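Trainee: Structure in structure tokens, see below.
The values are calculated or read from the model by the stated rules, or taken from the named source; none is laboratory data. For clarity, every value in this text was computed on a predicted model and none was experimentally measured. Counting neighbours? That spans all protein chains shown, and the Cβs are built from the backbone with ideal geometry, glycine included. Surface areas here come from the heavy atoms of the whole protein model, side chains and all, with no ligands, DNA or RNA. Shrake-Rupley method; radii C 1.70, N 1.55, O 1.52, S 1.80 Å.
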Amino acid sequence: MAKAYDAIIIGGGHNGLVTACYLAKAKWKVLVLERRHIVGGCAVTEETFPGFKVSTAAYVNSLFRPEIIRDLRLKDYGFDLIERNPSSFTPFPDGRHLFLGPDEGMNLREIAKFSKKDAEAYPKYEKMLERVADVIEPTLIQTPPNIISPGISGGWKLFNLGRSMQKLGTHMGEAVEVLSGSARTILDRWFESEQLKGTLATDAIIGAFAAPSMPGTAYVLFHHVMGETNGKRGVWAYVRGGMGGLTQALAKAGKNLGVEIRTEAEVAKILVKNGSSYGVALKSGEEFHATKVASGVDPHLTFEVMLDPNVLPEDFREAIQRIDYSSASFKINVALSEPPNFKAMPGTTVGPQHRGTMHLCPDQDYIERAYDDAKYGYPSKNPVIECTMPSSVDPSVAPEGKHVMSMFVQYAPYKLKEGNWDQEKDKFADRCFDIVNDYAPNFKNSVIDRQVISPVDLERIFNLTGGNIFQGSMGLHQLFMFRPAAGWAQYRTPIKNLYLCGAAAHPGGGVMGTCGYNAAREMQKRW
């Protein structure tokens with residue numbers, strides 16, 4: 001006899017755990033099934049190297065919603081954010097460098113080293129983004145309307161969204177451009193210094209298989225100013241103990257609320273009868289039944305692997321097949337004996353240059369050329385590299401005197417023109433190390449060990465189709481009312497009692513928790 005629950009959550013990522021916690025708070029009997037040996041999805045801490053706590057995939061936090069932290073009392077379960085100041089450091093081949101961070105005075109002084117005009121424009125640029133954020137951010141915790149059949153409720157939501165946009169007045173065009181345009185067009189309009197534009201442009205391509213000159217990248221850029229840390233907008237932070245500090249706090253909160261969590265429990269099939277989901281079957285053959293099922297994995301896995309596609313309407317099935325999973329993300333985790341000694345700011349002890357994101361990207365053209373290689377199916381000859389060293393502010397993640405570094409690299413196309421990633425990933429990692437060594441000549445000699453994660457590895461390890469870290473690209477046609485498909489953006493699916501609670505649903509990728517938060521609310525309706 002299969003064990004019965006009120007709700008089963010497929011996938012123990014941060015969104016799935018959030019959904020489980022909120023349902024358990026409502027006194028539901030909830031089961032979370034996670035295929036890996038550890039919950040957390042992409043937000044995990046693992047001892048990849050002896051004594052080093054590595055944030056295997058996701059590596060910084062800002063977008064996770066304060067409402068969730070408060071409601072689930074996550075700080076009581078050990079969740080703690082460490083602010084980064086400065087937020088970023090960009091060394092340049094000519095020996096100069098640029099710091100950016102929460103200190104407005106420092107930003108103006110740093111930018112003025114390259115352009116006084118840009119220093120004057122930068123506060124206005126940030127105010128422009130904040131104006132747009134004031135309109136867009138509230139939509140993150142709202143259920144999008146059904147654009148095909150909005151009804152009275154959906155029509156009212158669309159009306160209110162229109163009123164919010166109207167409040168921008170003559171700035172409405174800016175908002176539309178941020179949501180749909182290219183980052184490069186916006187940055188070129190606002191600034192003249194390539195050093196500043198190149199640094200800002202790296203935020204526009206994180207996780208996206210796109211160059212800054214391509215439409216849609218402005219929204220990814222904008223994503224990086226929507227969050228907050230300890231009430232401070234746009235401030236990114238490290239999670240104490242690594243990103244798993246967040247998901248382990250969620251797991252503890254869930255267990256205290258009565259959530260049952262099973263690891264090494266891979267779901268093979270969503271059970272359906274008469275058009276309604278009634279549970280899941282594991283790869284082992286074990287079955288669990290539930291009144292409602294929520295999937296935290298991507299649409300390909302949910303609708304094309306775990307379901308017989310024939311149970312779905314043809315138009316929905318075709319919409320799911322159109323979802324773009326293009327990816328070019330590559331991750332290297334490194335154990336170091338000492339911090340990088342940058343030529344642009346020498347020092348082998350921890351300094352301000354090590355606390356935030358270290359951008360190895362001199363200008364926008366550098367990014368465009370890196371993308372050019374990838375669009376033809378080749379790893380970038382000169383990839384864009386962002387490095388973070390959480391041990392610079394959190395000594396708990398590395399042995400005394402040692403450091404752990406995360407390198408997020410683009411572009412590494414999932415589909416290679418020649419060879420495969422099992423053959424090529426170490427060569428590409430070596431190229432990345434050469435570039436870091438050009439900026440910090442002690443780097444390669446300081447490497448104790450490394451973990452290389454290609455796009456194919458992201459798919460294998462984290463069950464991300466195509467290695468796409470957002471469970472589907474974040475273009476305008478795959479956002480808000482169109483995520484995952486037009487007419488199905490309300491977390492429900494054509495299968496009765498089957499819901500989406502992961503990044504495949506609105507508002508999409510990033511460690512926000514909002515997809516799970518919204519899904520839990522929708523699942524409780526008509527209960």
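Trainee: In whole angstrom, how far apart do the alpha carbon centroids of the stretch 430-453 and the stretch 196-221 sit?
Mentor: Taking the Cα centre of each part, the stretch 430-453 and the stretch 196-221 sit 25 Å apart.
Trainee: May I pose another question? Would you kindly state how much longer the chain becomes between GLN142 and LYS417 on full extension, computed as 0.36 nm times their sequence separation minus their alpha carbon distance, in nm to one decimal?
Mentor: Here the answer is 94.9 nm.
Trainee: For the stretch 258-362, with every protein chain kept in place, what is the accessible area per residue (1.4 Å probe, Å²)?
Mentor: With the other protein chains kept in place, the stretch 258-362 gives 40 Å² per residue.
Trainee: Here's another thing I want to ask about it. Roughly how many Å² is the accessible area per residue of the stretch 393-478, as a whole number, for a 1.4 Å probe?
Mentor: Using a 1.4 Å probe on heavy atoms only, each residue of the stretch 393-478 averages 42 Å².
Trainee: Taking a probe of 1.4 Å, how large is the accessible area per residue of the stretch 204-251, in Å²?
Mentor: Dividing the accessible area of the stretch 204-251 by its residue count gives 26 Å².
Trainee: Continuing with this model, one more query. Would you mind calculating the gained length between SER180 and LYS255 on full extension (0.36 nm times residue separation, minus the Cα-Cα distance), in nm to one decimal?
Mentor: Residue separation times 0.36 nm, minus the Cα-Cα distance, leaves 22.9 nm.
Trainee: I need the calculated FRET efficiency for the pair THR263 and ASP449, taking r as the beta carbon distance and R₀ as 35 Å, to the nearest 0.05.
Mentor: For THR263 and ASP449, the calculated efficiency is 0.85.
Trainee: Let me ask something additional. Based on the Cβ-Cβ distance from ASN160 to LYS375, what FRET efficiency comes out when R0 is 45 Å, to the nearest 0.05?
Mentor: Between ASN160 and LYS375 the formula returns 0.70.
Trainee: Are there trypsin sites (Lys or Arg not before Pro) in the stretch 151-253 that DSSP marks as loop and that have at most 13 other Cβ atoms within 10 Å, and which are they?
Mentor: LYS167
Trainee: Scan the stretch 286-376 for chymotrypsin sites (Phe, Trp or Tyr not before Pro) in coil per DSSP, keeping those whose Cβ has at most 11 other Cβ atoms within 10 Å, and list them by number.
Mentor: Here the chymotrypsin sites (Phe, Trp or Tyr not before Pro) that fit, given the DSSP loop and packing criteria, are TYR376.
Trainee: What residue among GLN353, TYR125, TYR77 has its Cα farthest toward the positive end of the dipole of the chain, where the charges are +1 on Lys, Arg and -1 on Asp, Glu, each on the Cβ?
Mentor: Selected residue: TYR77.
Trainee: A further question follows. Please work out the Cα center distance from the stretch 257-321 to the stretch 72-113, rounded to the nearest Å.
Mentor: The distance from the Cα centre of the stretch 257-321 to that of the stretch 72-113 comes to 42 Å.
Trainee: How high is the FRET efficiency between THR170 and HIS37 when r is their beta carbon distance and R₀ equals 56 Å, given to the nearest 0.05?
Mentor: With R0 = 56 Å, the Cβ-Cβ based efficiency is 0.55.
Trainee: To the nearest 20 Debye, how big is the dipole of the chain about its Cα centre, given +1 on the beta carbon of each Lys and Arg and -1 on that of each Asp and Glu?
Mentor: My answer is approximately 1480 debye.
Trainee: Using helices alone, I'd like the mean residue ellipticity at 222 nm for the chain: each DSSP H run of four-plus residues gives -39500 (n - 2.57), total over residue count, nearest 500.
Mentor: My calculation for the chain gives -10000 deg cm²/dmol from helical runs alone.
Trainee: Beta carbons within 10 angstrom, averaged per residue: use that to sort the peptides 420-426, 513-519, 85-91, 105-111, highest first.
Mentor: 513-519, 85-91, 105-111, 420-426
Trainee: Right, another one. Could you pull out which residues in the stretch 39-60 have an amide N less than 18 Å from a spot 7 Å beyond the Cα of LYS3, following the Cα-Cβ vector?
Mentor: Residues 39 fall inside that zone.
Trainee: For the stretch 469-527 and the stretch 405-419, compute the distance between their C-alpha centroids and round to whole Å.
Mentor: 28
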